[in-house]
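Report on one structure; see the data block that follows.
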Amino acid sequence: MTRPKIISVALPVPLYQHFDYLAPAGTNPKTLNIGARVRVQFGTRKLIGLIVNKPDQSTLPTNKLKHIYELLDEEAIINNTLLKLLFWAAEYYQQPIGEVIFAALPTILRKGKFIKPVTNTIYELSTQQNLDDQLKRAPKQKQIIEILKNNTRGVNVDELDTLLPGWRNAMKALLAKSHVKKTEKTLVIDETIEKTRKDITLNSEQQHAFDELKQQLDHFNCCLLDGVTGSGKTEVYLALAEKVLENQQQILFLVPEIGLTSQLVQRIEKRLANKVYLMHSGLNENQRAQTWLATKTGDAKIVVGTRSAIFLPFVNPGLLIIDEEHDLSLKQQEGFLYNARDIAIYRAKQLNIPIILGTATPSFETQFNVERNRYKKLTLTQRAKDASFPDVKIIDMRAKNSSDGLSDELTAAIKTETQQGNQVLLFLNRRGYAPTILCKDCGWVAECSRCDARMTLYKNRNILKCHHCLKEQQVPNHCPTCSSENLLHLGEGTQRIETKLNEIFTEIAITRIDRDSTRKKDALNKKLADIHAGKFQIIIGTQMLSKGHDFPNVTLVGILNVDHGLYSTDFRATERLAQLLVQVAGRAGRGKKKGKVLLQTYLPEHPLLNCLLSKGYTAFSKEALNIRKECALPPYTSMLMIRARANKLDMTQNFLQEVKYMINKTKLQGLTLYGPIPALMERKAGMFQSQLILFSNQRKTLQENLSHWTNSITKQPLAKRVRWSIEVDPLEIN
């Protein structure tokens, strides 16, 4: 008797396993390919799953296994190489394999649907006979015939709309007479984009970096391209990409945020005369699916995307580039918790292709790997196009007059620059009008009822909003505690700065760029285009504008408030603040005009600011890394966080205490545990949060025990009563 064929299926459920089924009744098991989708019964639901294995036997008796309900794909939609990457990611980050696999698929495929190539309706002549006599009384039909005679390859709908408005009824008549035939052809995107900059001359530093990297194009090599802001890192990327395209290979540009895609795409298409495909959350389902399909077929030679693009099914990859490799946005903070930079490095090694990490402010992890000779480092120390570095000056806010967060000195500098026709960028990493409303009489503060956080005032909408749970409520007319109408708006947000500047500079066009002002589709791209066109002289922005953008006419950058980042319980806060300051300052003086940076602070003697401004980011990072080493903090140790959420704080604490006891029983050397402790924001969206923090000086040992710990945690008595998660290599303690 033939043994039933076992099929292992990964399902999008929060369980750390895949599930065994039997091949569909009457189906040859050989037709079921690993990497193909199936529909299966799972409890009371029918779910889409992916075949991940064909084991000889199951841990369950055969009579306990269900048959696969339906086979959806005859061929694998994920190849073995990508599947191995996803299994590695699930193991390394201790995430359920089904959730990892389905996070890597377009939404259309997750729903059990199919990606259909975009087609184009083409009209062609179906006869060669002369139709002049038959169409004497149908002039529009005759015009269509003439158009089709002159376009033997056929004409599409858009072309007909341009050549002959109102053609549709006439076309119906021609189709009914069989004089014209209509076909649906797969849309082939024209990749013959005209080059507008054929010969780019690299400076000596860029040329050296290019020559070094060009020698590594045929094998794995991880290189940090450490270039100061405005040094022309992108030109090095593009020169290398040109070589990769000559070999008909694919290239992925990974960027941290959607806002960086538009400007980069324009530069790539102009420089390389090649269509760029996009992959980010700002696209609709079908657009993302088309990029996925074009990558899988090899039609997409160049892809620009945010973190999820690292999972695209490339068939002939040749180069991975991560721009702003230090950026926190490359870390997925919800669901499948992963770092796209680290997965990209693993994937490049797996594919035996080079990867470039570009930044002006390298992360401490990357610098650590350079020190250990795991990565190569190339530097660009000079700004491109003969641009000079901006002058930086600290404004001591303790000794200056100010109004709504703007010192008189900064206001005067803005006036000077705008009168000369230059642009000014003001940076404030705080949205809304004011971060706090306070009653002057009794001290009441507007706080979120669901989070341990203050609510932000949005004066234009007359609402208070919590930026953590997104709760909104009307602004009170009087204090709810003492009924006083003496309510103060404390602190400044981008909207308050915009309001104040409009009062001061009534004749100058001002724009604000933050998450609130760019919610609508293409709003950010339109604002950026208007800035480049010179329509706005004053630009107010959050960290959305702190990196990657090139505004040649910005000669003054004003940094309004960084003091909140100078003191934090998160040991990474100073690193992120230094990166932010360097990146923001780097927006000044990128063209031919000299730039300057004015930094407002109430802490002008702070050692971080002085070290950073007097010695630069490299010196600062060396000093900060020495402190990390002395304190046995990452990157000199590996870090792990186990988080728990519940409607009672003691439940999270008790659960993590059980977990801590279980981990301590393993008696691993070099392991240090802290907690359980309440999260920095103890209550969020009505749930209490606690965390257990682990540090280990032996990454390998930590990884070897993770699966065992995860399995044990799932069996803890409280595991089903709290929401818990494991985060490997966390970048935020929150």
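The values are calculated or read from the model by the stated rules, or taken from the named source; none is laboratory data. Not measured: the values here are computed from a predicted model. Please note: Cβ atoms are built from the backbone with ideal geometry, for glycine as well, and neighbour counts cover all protein chains shown. Only protein heavy atoms, including side chains, enter the accessible area calculation; ligands, DNA and RNA are left aside. Shrake-Rupley method; radii C 1.70, N 1.55, O 1.52, S 1.80 Å.
Annotation note: Cβ proximity below 8 Å between a residue of the range 350-365 that is of a type in the set (Asp, Glu) and a residue that is in a loop (DSSP other than H, G, I, E, B) and open to solvent by less than 10 Å² (accessible area, probe 1.4 Å) (sequence gap 6+ or interchain) occurs for Glu365/Pro634.
Within the range 497-522, residues that are of a type in the set (Asp, Glu) sit with their Cβ atoms under 7 Å from residues that are part of a loop (DSSP other than H, G, I, E, B), at 6+ positions apart or across chains, in these pairs: Asp514/Arg431; Asp514/Thr542; Asp516/Arg431.
Within the range 689-705, residues that are more than 11 Å from Met639 (Cβ to Cβ) sit with their Cβ atoms under 9 Å from residues that are part of a helix (DSSP H, G or I) and open to solvent by 30 Å² or more (accessible area, probe 1.4 Å), at 6+ positions apart or across chains, in these pairs: Gln689/Leu649; Ser690/Leu649; Ser690/Gln653; Leu692/Gln657; Leu692/Lys660; Gln703/Glu91; Gln703/Tyr92.
Being open to solvent by 50 Å² or more (accessible area, probe 1.4 Å), hydroxyl-bearing (Ser, Thr, Tyr) and either in a strand (DSSP E or B) or closer than 22 Å to Asp550 by Cα (or both) is the requirement here; does Thr379 meet it? For Thr379, the condition - open to solvent by 50 Å² or more (accessible area, probe 1.4 Å), hydroxyl-bearing (Ser, Thr, Tyr) and either in a strand (DSSP E or B) or closer than 22 Å to Asp550 by Cα (or both) - is met. Among residues of the range 8-34 that are of a type in the set (S, T, N, Q), those with a Cβ under 7 angstrom from a residue that is in a strand (DSSP E or B) and surrounded by fewer than 16 Cβ atoms within 10 Å (Cβ to Cβ), sequence gap 6+ or separate chain, pair up as Ser8/Asn53.
Return a yes/no flag: does the range 68-79 have any residue that is part of a strand (DSSP E or B), touching a strand residue (DSSP E or B) at 6+ places or on another chain (Cβ under 8 Å) and crowded, with 16+ Cβ neighbours inside 10 Å. Yes, because at least one residue in the range 68-79 is part of a strand (DSSP E or B), touching a strand residue (DSSP E or B) at 6+ places or on another chain (Cβ under 8 Å) and crowded, with 16+ Cβ neighbours inside 10 Å. Taking the conditions (1) surrounded by 20 or more Cβ atoms within 10 Å (Cβ to Cβ); (2) under 21 Å from Ala588 (Cα atoms) in turn, Thr366 satisfies each one other than (2).
Tally up the residues in the range 151-176 that are assigned to a loop (DSSP other than H, G, I, E, B) and closer than 17 Å to Pro139 by Cα, please. So the count comes out to 4.
Hey, among Pro139, Pro117, which residue is farther than 30 Å from Val40 by Cβ and not hydrophobic (A, V, I, L, M, F, W, C)?
On the way: Pro117 fails: farther than 30 Å from Val40 by Cβ.
After applying the criteria, what remains is Pro139.
Take Ile34 and decide whether it is assigned to a loop (DSSP other than H, G, I, E, B) and under 28 Å from Gln94 (Cβ atoms). For Ile34, the condition - assigned to a loop (DSSP other than H, G, I, E, B) and under 28 Å from Gln94 (Cβ atoms) - is met. Taking Thr59 as the residue in question, decide whether it is assigned to a helix (DSSP H, G or I), more than 15 Å from Arg110 (Cβ to Cβ), open to solvent by 50 Å² or more (accessible area, probe 1.4 Å) and in contact (Cβ under 8 Å) with a residue 12 or more places away in the chain. So Thr59 fails the test.
Suppose we keep only residues that are of a type in the set (A, V, I, L, M, F, W, C), in contact with a helix residue (DSSP H, G or I) (Cβ under 9 Å, 6 or more places away or on another chain) and not in a strand (DSSP E or B) within the range 1-31. Which one would you say is most open to solvent (accessible area, probe 1.4 Å)? Explain how you work it out, then say what you get.
Within the range 1-31, the subset of a type in the set (A, V, I, L, M, F, W, C) is 1, 6-7, 9-11, 13, 15, 19, 22-23, 25.
Cutting the leftovers down to in contact with a helix residue (DSSP H, G or I) (Cβ under 9 Å, 6 or more places away or on another chain) gives us 6-7, 9-11, 13, 15, 19, 22-23.
Right, trim to not in a strand (DSSP E or B) and you get 11, 13, 15, 23.
Numbers: Leu11: 1, Val13: 7, Leu15: 75, Ala23: 11 Å².
My answer is Leu15.
Among the candidates Leu85, Leu50, the residue that is outside any helix (DSSP H, G or I) and either at pLDDT 90 or above or open to solvent by less than 70 Å² (accessible area, probe 1.4 Å) (or both) is uniquely Leu50. Count of the range 435-445 residues, restricted to those that are buried (at least 21 other Cβ atoms within 10 Å of the Cβ) and either touching a helix residue (DSSP H, G or I) at 6+ places or on another chain (Cβ under 7 Å) or of a type in the set (Gly, Ala, Ser) (or both), is 0.
Of all the residues in the range 312-359, those that are surrounded by fewer than 22 Cβ atoms within 10 Å (Cβ to Cβ), in contact with a helix residue (DSSP H, G or I) (Cβ under 7 Å, 6 or more places away or on another chain) and assigned to a loop (DSSP other than H, G, I, E, B) number 5.
Note on the range 172-199: among residues that are of a type in the set (Asp, Glu) and exposed (fewer than 11 other Cβ atoms within 10 Å of the Cβ), the one that is modelled with the lowest pLDDT is Asp190. If the condition is being touching a residue at least 24 places away in the same chain (Cβ under 8 Å) and either touching a Cys at 6+ places or on another chain (Cβ under 8 Å) or surrounded by fewer than 19 Cβ atoms within 10 Å (Cβ to Cβ) (or both), then the range 246-256 contributes Asn247, Gln248.
Open to solvent by less than 40 Å² (accessible area, probe 1.4 Å) and at pLDDT 85 or above: does that describe Leu202? Answer is yes for this residue. Taking the condition of being among the acidic types (Asp, Glu) and surrounded by fewer than 19 Cβ atoms within 10 Å (Cβ to Cβ), how many residues in the range 685-734 meet it? The number of residues fulfilling the criteria is 2.
The rows are residues; the columns are (1) within 30 Å of the chain's Cα centre (by Cα); (2) of a type outside the set (A, V, I, L, M); (3) surrounded by 23 or more Cβ atoms within 10 Å (Cβ to Cβ); (4) not in a helix (DSSP H, G or I).
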{"site": "Arg576", "(1), (2), (3), (4)": "yes, yes, no, no"}
{"site": "Gln579", "(1), (2), (3), (4)": "yes, yes, yes, no"}
{"site": "Gln583", "(1), (2), (3), (4)": "yes, yes, yes, no"}
{"site": "Lys592", "(1), (2), (3), (4)": "no, yes, no, yes"}
{"site": "Leu603", "(1), (2), (3), (4)": "no, no, no, yes"}
{"site": "Leu608", "(1), (2), (3), (4)": "yes, no, no, no"}
{"site": "Cys611", "(1), (2), (3), (4)": "no, yes, no, no"}
{"site": "Ser614", "(1), (2), (3), (4)": "no, yes, no, no"}
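Cys451 falls short on exactly one of the conditions (1) surrounded by fewer than 19 Cβ atoms within 10 Å (Cβ to Cβ); (2) more than 25 Å from Arg512 (Cα to Cα), and that condition is (1).
Hey, can you tell me all the residues within the range 562-574 that are surrounded by 18 or more Cβ atoms within 10 Å (Cβ to Cβ) and either assigned to a helix (DSSP H, G or I) or not charged (D, E, K, R) (or both)?
Val562, Thr574 - these are the residues of the range 562-574 that are surrounded by 18 or more Cβ atoms within 10 Å (Cβ to Cβ) and either assigned to a helix (DSSP H, G or I) or not charged (D, E, K, R) (or both).
Within the range 632-676, the residues that satisfy the criterion of being open to solvent by 30 Å² or more (accessible area, probe 1.4 Å), of a type outside the set (A, V, I, L, M, F, W, C), at pLDDT 90 or above and not in a helix (DSSP H, G or I) are Tyr636, Arg643, Arg645, Asn647, Lys648, Thr672, Tyr674. Can you spot a residue in the range 393-400 that is buried (at least 19 other Cβ atoms within 10 Å of the Cβ) and modelled with pLDDT under 90? Yes, because at least one residue in the range 393-400 is buried (at least 19 other Cβ atoms within 10 Å of the Cβ) and modelled with pLDDT under 90. Starting from residues that are assigned to a strand (DSSP E or B) and hydrophobic (A, V, I, L, M, F, W, C), keep the ones in the range 466-501 and report whichever is least open to solvent (accessible area, probe 1.4 Å). Result: Leu487. If only one of Thr261, Thr234, Thr291, Thr229 is in contact with a Gly (Cβ under 9 Å, 6 or more places away or on another chain) and either outside any helix (DSSP H, G or I) or without any contact (Cβ under 8 Å) to a residue 12 or more places away in the chain (or both), which one is it? One residue alone meets the criteria, Thr229. Tell me, please, whether a residue that is aliphatic (A, V, I, L, M) and under 28 Å from the mean Cα position of the chain (by Cα) can be found in the range 406-414. Scanning the range 406-414, I find no residue that is aliphatic (A, V, I, L, M) and under 28 Å from the mean Cα position of the chain (by Cα), so the answer is no.
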